[in-house]
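For reference, the structure discussed in these notes is given below.
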Amino acid sequence: MQASLYDVLSGRFADGRRVDEIHEAYHRVPSILGNLERLFNTRRGSIRHLPDYGLPDITEIYRDIPDSVEKLREALLKAVQRYEPRLRRIRIKAQPIDPYAMRLEFLLSAELVDRTPVRFQTTFSSIEAAHVMPYTRQD
């Protein structure tokens, strides 16, 4: 099985689809997406037994843009390396910033443990939760 224990116990992936509705061979990517979304929407220090789980306070990141974008990129990389063992050779690149949109976007490129390449786009907004989705554009 390639779904996480969390997905199996809840019976659903983060996007709402039921685990048993999707063939087991296709569990891995929606499971990783959900794990990354939970990780990126958790403030570091909020889980007592995992004090390094999550990201720094995003409001502080927004306050110091553009200087803080690299700090967030590094925090993303460390969090993914530590808490998503199904990915390897992880690279995270900040996308160009629109200073008026109050949105930060990052492209996460990695390999699954079987060396299949994957890419995810993560969007942080000042008014909603972080969102992670497959990155499908070719560039």
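General observations
- Verdict on Ser31 being closer than 23 Å to Glu128 by Cβ, buried (at least 16 other Cβ atoms within 10 Å of the Cβ) and modelled with pLDDT under 95: yes
- Among strands (runs of 3 or more DSSP E) entirely within region 96-137, having at least 2 residues that are at pLDDT 95 or above singles out 103-112, 117-125.
- When residues of region 84-108 are limited to those that are touching a strand residue (DSSP E or B) at 6+ places or on another chain (Cβ under 6 Å) and either loosely packed, with under 14 Cβ neighbours inside 10 Å or of a type in the set (S, T, N, Q) (or both), the one farthest from Gln2 (Cα to Cα): Gln95
- Arg43 being free of Cβ contacts under 8 Å to residues at least 24 places away in the same chain, surrounded by fewer than 17 Cβ atoms within 10 Å (Cβ to Cβ) and either closer than 25 Å to Ser4 by Cβ or of a type in the set (Ser, Thr, Tyr) (or both): yes
- For region 92-109, a tally of residues being within 22 Å of Arg43 (Cα to Cα) and in contact with a helix residue (DSSP H, G or I) (Cβ under 8 Å, 6 or more places away or on another chain) returns 7.
- Exclusive hit being within 20 Å of Glu128 (Cα to Cα), at pLDDT 95 or above and either part of a loop (DSSP other than H, G, I, E, B) or among the small types (Gly, Ala, Ser) (or both), set Ala14, Ala75: Ala75
- Counting only residues that are closer than 18 Å to Leu33 by Cβ and surrounded by fewer than 18 Cβ atoms within 10 Å (Cβ to Cβ), region 54-83 holds 4 of them.
- Test: residue in region 95-110 that is among the hydrophobic types (A, V, I, L, M, F, W, C) and under 19 Å from Asp15 (Cβ atoms): yes
- Subset of region 38-89 [within 16 Å of Ser126 (Cα to Cα), among the acidic types (Asp, Glu) and within 17 Å of the chain's Cα centre (by Cα)]: Asp57
The values are calculated or read from the model by the stated rules, or taken from the named source; none is laboratory data. Predicted, not measured: the structure shown is a model, and the values here were computed from it. A quick note on method: Cβ atoms are made from the backbone with ideal geometry, for glycine too, and the neighbour counts reach across all protein chains shown.
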